1. Quick one: is N28 open to solvent by less than 70 Å² (accessible area, probe 1.4 Å) and either within 15 Å of the chain's Cα centre (by Cα) or not aliphatic (A, V, I, L, M) (or both)?
2. Would it be correct to say that G82 is modelled with pLDDT under 95 and within 12 Å of L16 (Cα to Cα)?
3. If you scan region 32-42, which residues turn out to be open to solvent by less than 20 Å² (accessible area, probe 1.4 Å), assigned to a helix (DSSP H, G or I) and of a type in the set (A, V, I, L, M, F, W, C)?
4. Cβ contacts < 8 Å: first residue without any contact (Cβ under 8 Å) to a residue 40 or more places away in the chain, restricted to region 50-68; second residue polar (S, T, N, Q), any location; separation 6+ or different chain. Result?
5. From the residues in region 43-79 that are basic (K, R) and surrounded by 15 or more Cβ atoms within 10 Å (Cβ to Cβ), which one is modelled with the lowest pLDDT?
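The values are calculated or read from the model by the stated rules, or taken from the named source; none is laboratory data. This is a predicted model, so every value here is computed, not measured. FYI the Cβ positions are ideal-geometry reconstructions off the backbone, even for glycines, and counts take in every protein chain you see. Side chains included, ligands, DNA and RNA excluded: accessible areas come from the protein's heavy atoms. Shrake-Rupley method; radii C 1.70, N 1.55, O 1.52, S 1.80 Å.
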Amino acid sequence: MERDPRSLPVTQRVALLVKALDGARRTNEALAACQDGEAMLDVLLNASARLGLGLTRQELQNTPPIRDWVWWKNKEAVFTVGDRKPRYQQDAPAAQGTADGQEAPRRKFLGLF
């Protein structure tokens with residue numbers, strides 16, 4: 001007796017989706033052509049429906065690794081550390097100084113111990 005994939009936990013259904021995407025040339029090309037994370041979610045919802053996984057947009061958006069793919073496409077950090085800037089913005093030369101060209105004061109990390 002085969003188990004209905006919709007009865008599996010969300011993480012297992014997402015894992016099945018990710019496994020199905022491996023080697024799915026057309027779906028991967030569609031994902032690469034997406035302008036933002038919302039468009040990616042549309043493609044992934046369609047793939048989920050075709051596979052009978054019954055994943056929702058919310059489940060895809062909140063479950064790794066899909067969550068991380070959407071973050072990367074949108075360039076929005078899930079969380080930040082330090083100066084409250086995403087890591088890729090912290091490394092940018094413009095982030096090093098202030099509007100008047102002066103270097104911004106550095107915050108000191110005192111450690112946990």
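1. Values: open to solvent by less than 70 Å² (accessible area, probe 1.4 Å): yes; either within 15 Å of the chain's Cα centre (by Cα) or not aliphatic (A, V, I, L, M) (or both): yes.
So N28 fits the description; yes.
2. no
3. Across region 32-42, the qualifying residues are M40, L41.
4. Close Cβ pairs satisfying both conditions: R67/Q61.
5. Only one residue tops the list, namely K73.
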